[in-house]
Amino acid sequence: MNQMAPETKNRADAMLGLLAPSLYSDHVKVYPRAVSGRFRNIKWAILIACLAVYYIAPWIRWDRGPNAPDQALLLDMAGRRGYFFWIEIWPQEVYYLTGLLILGAVALFLATALFGRVWCGYTCPQTVWTDLYMLVERWIEGDRNARIKLDQQPLSLNKAWRKVAKHTVWLVIAAATGGAWIMYFQDAPTVTREIFTGEASGGTYFFFGLFTGTTYLLAGWAREQVCTYMCPWPRFQAAMQDEHTLAVTYQGWRGETRGKHKAGESWEGRGDCVDCRACVNVCPTGIDIRDGMQLECIGCGLCIDACDEIMTKVGRPQRLIDFVSIANLDRRANKLPAILKLLRTRTVIYAAMLALVVAIMAGTLLTRSSWEMNVLHDRAPLYVTLSDGSLRNGYTVKLLNKTRDEHRLYLTIEGIPQATMFMAGEGDEPATRLPLLVQPDNVGEYRVFVKAPRPVIKESSTTLRFHVVDEQGQRLTGYKSTFNAPN
């Protein structure tokens with residue numbers, strides 16, 4: 001077989017793009033340096049608060065009386081209940097979960113419109129656990145330069161024990177994280193004992209292993225790649241921001257032209273940036289904030305602390321990098337006073353939406369009943385004509401008792417004169433109200449027939465209202481249905 005000439009092959013490869021530079025580069029590991037300052041202290045405080053809430057909350061007890069779980073926060077999947085301190089959510093009230101999701105989304109929109117990616121930089125679980133993992137890494141392997149040097153060294157006893165110790169602590173944290181997550185779905189003391197004694201179910205061990213593994217991989221290995229490639233939020237956060245949104249920004253008007261600076265040299269004709277790369281070295285995602293706003297920036301502000309340290313050392317004003325809006329960046333460049341414009345069209349809309357959702361959820365919680373009723377009309381037959389000429393319709397009545405006590409209640413109807421009822425299996429003696437014995441924390445189901453004289457039915461479909469009353473006649477709940485008749 002004839003071989004292709006080298007120059008011909010090169011030309012063909014070039015046409016196919018095989019000789020062109022690759023559009024993708026290998027991942028470069030990020031080695032963030034430790035930094036101290038105002039924003040780092042804020043991050044430590046929020047990290048401690050978030051971790052404390054996550055790990056401690058399942059252990060908080062809340063007395064709900066006998067035959068009820070005493071865990072303050074619990075999603076009881078087996079019992080089909082959600083518990084949040086004094087609030088108990090039934091499966092029929094899943095719309096509260098929808099409300100919480102809407103509440104969280106709108107709050108995130110509002111925070112982003114005001115302060116940029118503060119969620120990503122301070123309270124996102126990926127950020128919190130990655131911060132914790134990097135703290136452990138610094139404790140065991142040292143700061144940035146020590147970690148770089150250690151990774152470049154050949155395998156040795158010193159390197160081996162540090163790597164093993166680091167990953168062991170990481171796995172312990174991941175296991176505690178996965179176990180704590182399980183505790184939100186099962187009683188914390190019980191499931192902890194079952195996990196350690198081998199008595200937990202296969203499903204419990206599966207999810208325990210799943211959450212442990214994902215925590216270890218995402219916080220220990222993926223880190224900034226989650227923010228850059230996996231998280232969808234950076235892709236559309238710009239739609240929530242405008243020229244008045246506060247964001248971590250390098251003030252190029254003041255920093256350029258950048259360059260190295262020696263003690264005693266004049267600052268005339270140059271910017272304040274000494275090109276020390278301190279802002280790059282502390283960045284948890286490894287970006288250079290001087291290149292402008294970037295997808296990878298999580299708005300943590302650590303570069304501000306790092307830059308402030310350098311500015312103090314070289315005798316220049318702090319906040320060369322600052323939380324500043326685009327509008328104020330232009331004003332500062334033109335020596336105009338900065339303005340803080342929090343009330344804007346989008347922020348007012350987000351705040352109004354937030355207040356509306358909170359009001360609706362609070363209103364429904366305060367006015368919700370301990371009883372819910374549902375009535376299903378028989379589909380076949382829609383009605384029955386009895387021997388005396390009267391009409392009968394059949395219904396299935398379901399009554400949900402959200403209390404933990406047994407109740408004796410009564411079913412009544414209104415809307416059709418002379419209408420009576422009787423319950424299937426308990427004789428056909430007509431009555432205007434039927435006794436119902438409702439078990440605690442349960443759904444009672446009853447087969448009910450309604451009978452009415454033919455002359456009082458004027459239409460083929462007449463509105464019929466069912467009501468449930470207590471022994472004192474107080475109405476607890478109701479449901480509107482229909483009574484069908486021939487045309």
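The values are calculated or read from the model by the stated rules, or taken from the named source; none is laboratory data. Quick caveat: nothing in here was measured; it's all calculated off a predicted structure. Here the Cβ is made from the backbone with ideal geometry for all residues, glycine too, and neighbour counts use every protein chain on show. What goes into the accessible areas is simple: the full protein's heavy atoms, side chains included, and nothing from ligands, DNA or RNA. Shrake-Rupley method; radii C 1.70, N 1.55, O 1.52, S 1.80 Å.
Please state which of the following conditions residue 352 fails to meet, knowing it meets all the rest: (1) at pLDDT 95 or above; (2) out of contact with any Asp or Glu (no Cβ under 6 Å at 6 or more places or on another chain); (3) surrounded by 17 or more Cβ atoms within 10 Å (Cβ to Cβ); (4) part of a helix (DSSP H, G or I).
If we test residue 352 against (1) at pLDDT 95 or above; (2) out of contact with any Asp or Glu (no Cβ under 6 Å at 6 or more places or on another chain); (3) surrounded by 17 or more Cβ atoms within 10 Å (Cβ to Cβ); (4) part of a helix (DSSP H, G or I), just (3) comes out false.
For the stretch 370-386: of the residues being of a type in the set (S, T, N, Q) and at pLDDT 90 or above, which is nearest to residue 456 (Cα to Cα)?
My answer is 385.
To keep it simple, each residue is scored yes or no on (1) aliphatic (A, V, I, L, M); (2) within 30 Å of residue 487 (Cα to Cα); (3) touching an Asp or Glu at 6+ places or on another chain (Cβ under 8 Å).
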| residue | (1), (2), (3) |
| --- | --- |
| 310 | yes, no, no |
| 357 | yes, no, no |
| 363 | no, no, no |
| 367 | no, no, no |
| 384 | yes, yes, no |
| 398 | no, yes, yes |
| 401 | no, no, yes |
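Mind listing whichever residues of the stretch 316-332 are open to solvent by less than 40 Å² (accessible area, probe 1.4 Å) and farther than 18 Å from residue 115 by Cβ?
Answer for the stretch 316-332, where residues must be open to solvent by less than 40 Å² (accessible area, probe 1.4 Å) and farther than 18 Å from residue 115 by Cβ: just 320.
Of the residues 256, 194, only one is open to solvent by 20 Å² or more (accessible area, probe 1.4 Å), touching a Gly at 6+ places or on another chain (Cβ under 6 Å) and not small (Gly, Ala, Ser); which?
Every option except 256 fails the conditions.
Does residue 139 meet the test of being open to solvent by 80 Å² or more (accessible area, probe 1.4 Å), part of a helix (DSSP H, G or I), among the aromatic types (Phe, Trp, Tyr) and farther than 21 Å from residue 220 by Cβ?
Criteria not met by residue 139.
Looking at 129, 59 in this structure, which one is in contact (Cβ under 8 Å) with a residue 60 or more places away in the chain and open to solvent by less than 40 Å² (accessible area, probe 1.4 Å)?
On the way: 59 fails: open to solvent by less than 40 Å² (accessible area, probe 1.4 Å).
Within the list 129, 59, the selection yields 129.
Could you please find all residues in the stretch 144-170 being assigned to a loop (DSSP other than H, G, I, E, B) and open to solvent by 60 Å² or more (accessible area, probe 1.4 Å)?
153, 154, 155
Can you tell me how many residues within the stretch 370-390 are touching a Ser or Thr at 6+ places or on another chain (Cβ under 6 Å) and open to solvent by less than 50 Å² (accessible area, probe 1.4 Å)?
Of all residues in the stretch 370-390, those touching a Ser or Thr at 6+ places or on another chain (Cβ under 6 Å) come to 370-371, 373, 375-377.
Subset that is open to solvent by less than 50 Å² (accessible area, probe 1.4 Å): 371, 373, 375, 377.
Summing the residues that are touching a Ser or Thr at 6+ places or on another chain (Cβ under 6 Å) and open to solvent by less than 50 Å² (accessible area, probe 1.4 Å) in the stretch 370-390 gives 4.
Among the residues of the stretch 83-119, count how many are open to solvent by less than 30 Å² (accessible area, probe 1.4 Å) and within 24 Å of residue 176 (Cβ to Cβ).
1
Within the stretch 35-45, take every residue that is in contact (Cβ under 8 Å) with a residue 40 or more places away in the chain and open to solvent by 40 Å² or more (accessible area, probe 1.4 Å) and give me the one that is farthest from residue 306 (Cα to Cα).
42
Say we look at the stretch 443-463 and pick out the residues that are free of Cβ contacts under 8 Å to residues at least 60 places away in the same chain and touching a Ser or Thr at 6+ places or on another chain (Cβ under 7 Å); which of these is most open to solvent (accessible area, probe 1.4 Å)?
Within the stretch 443-463, the match that is most open to solvent (accessible area, probe 1.4 Å) is 445.
Being open to solvent by 30 Å² or more (accessible area, probe 1.4 Å), in contact with a Ser or Thr (Cβ under 9 Å, 6 or more places away or on another chain) and either over 22 Å from residue 485 (Cβ atoms) or part of a strand (DSSP E or B) (or both) is the filter here; which residues of the stretch 432-442 pass it? It would help to see each step written out before you state the result.
From the stretch 432-442, those open to solvent by 30 Å² or more (accessible area, probe 1.4 Å) are 432-433, 435, 437, 439-442; that's our starting set.
In the following step, the residues that additionally are in contact with a Ser or Thr (Cβ under 9 Å, 6 or more places away or on another chain) were identified as 432-433, 440-441.
Answer for the stretch 432-442, where residues must be open to solvent by 30 Å² or more (accessible area, probe 1.4 Å), in contact with a Ser or Thr (Cβ under 9 Å, 6 or more places away or on another chain) and either over 22 Å from residue 485 (Cβ atoms) or part of a strand (DSSP E or B) (or both): 433, 440, 441.
Can you tell me which residue within the stretch 391-403, out of those that are under 29 Å from residue 86 (Cα atoms) and not aliphatic (A, V, I, L, M), is least open to solvent (accessible area, probe 1.4 Å)?
401
Which of (1) assigned to a strand (DSSP E or B); (2) within 47 Å of the chain's Cα centre (by Cα) does residue 422 not meet, given it meets every other one?
Every condition holds for residue 422 apart from (2).
Report, by residue number, each residue of the stretch 427-461 that is of a type in the set (Gly, Ala, Ser) and closer than 17 Å to residue 405 by Cα.
Passing the criteria: only 444.
Suppose we filter 188, 247 for residues that are buried (at least 19 other Cβ atoms within 10 Å of the Cβ) and modelled with pLDDT of 95 or more; which single one remains? Steps first, answer last, please.
Numbers: 247 fails: modelled with pLDDT of 95 or more.
When all the criteria are applied, what remains is 188.
Mind checking which residues of the stretch 212-224 are of a type outside the set (A, V, I, L, M, F, W, C), on the phi < 0 side of the Ramachandran plot and either open to solvent by less than 30 Å² (accessible area, probe 1.4 Å) or assigned to a loop (DSSP other than H, G, I, E, B) (or both)?
Of everything in the stretch 212-224, those that are of a type outside the set (A, V, I, L, M, F, W, C), on the phi < 0 side of the Ramachandran plot and either open to solvent by less than 30 Å² (accessible area, probe 1.4 Å) or assigned to a loop (DSSP other than H, G, I, E, B) (or both) turn out to be 212, 213, 215, 220, 224.
Could you tell me whether residue 331 is out of contact with any Gly (no Cβ under 7 Å at 6 or more places or on another chain) and either without any contact (Cβ under 8 Å) to a residue 24 or more places away in the chain or over 30 Å from residue 234 (Cα atoms) (or both)?
Taking the combined requirement at face value, the residue satisfies it.
Out of (1) open to solvent by 30 Å² or more (accessible area, probe 1.4 Å); (2) touching a residue at least 24 places away in the same chain (Cβ under 8 Å); (3) under 22 Å from residue 112 (Cβ atoms), the odd one out for residue 236 is which?
Failed condition: (2).
Go through the stretch 289-307 and report how many residues are surrounded by 14 or more Cβ atoms within 10 Å (Cβ to Cβ), closer than 15 Å to residue 252 by Cα and in contact (Cβ under 8 Å) with a residue 40 or more places away in the chain.
The number of residues fulfilling the criteria is 5.
Determine if the stretch 225-233 includes at least one residue that is in contact (Cβ under 8 Å) with a residue 12 or more places away in the chain, part of a helix (DSSP H, G or I), out of contact with any Asp or Glu (no Cβ under 6 Å at 6 or more places or on another chain) and surrounded by fewer than 15 Cβ atoms within 10 Å (Cβ to Cβ).
For the stretch 225-233, residues in contact (Cβ under 8 Å) with a residue 12 or more places away in the chain, part of a helix (DSSP H, G or I), out of contact with any Asp or Glu (no Cβ under 6 Å at 6 or more places or on another chain) and surrounded by fewer than 15 Cβ atoms within 10 Å (Cβ to Cβ): absent.
Here are some conditions: (1) at pLDDT 90 or above; (2) open to solvent by 30 Å² or more (accessible area, probe 1.4 Å). Residue 263 meets all but one. Which one does it not meet?
Here residue 263 clears every test but (1).
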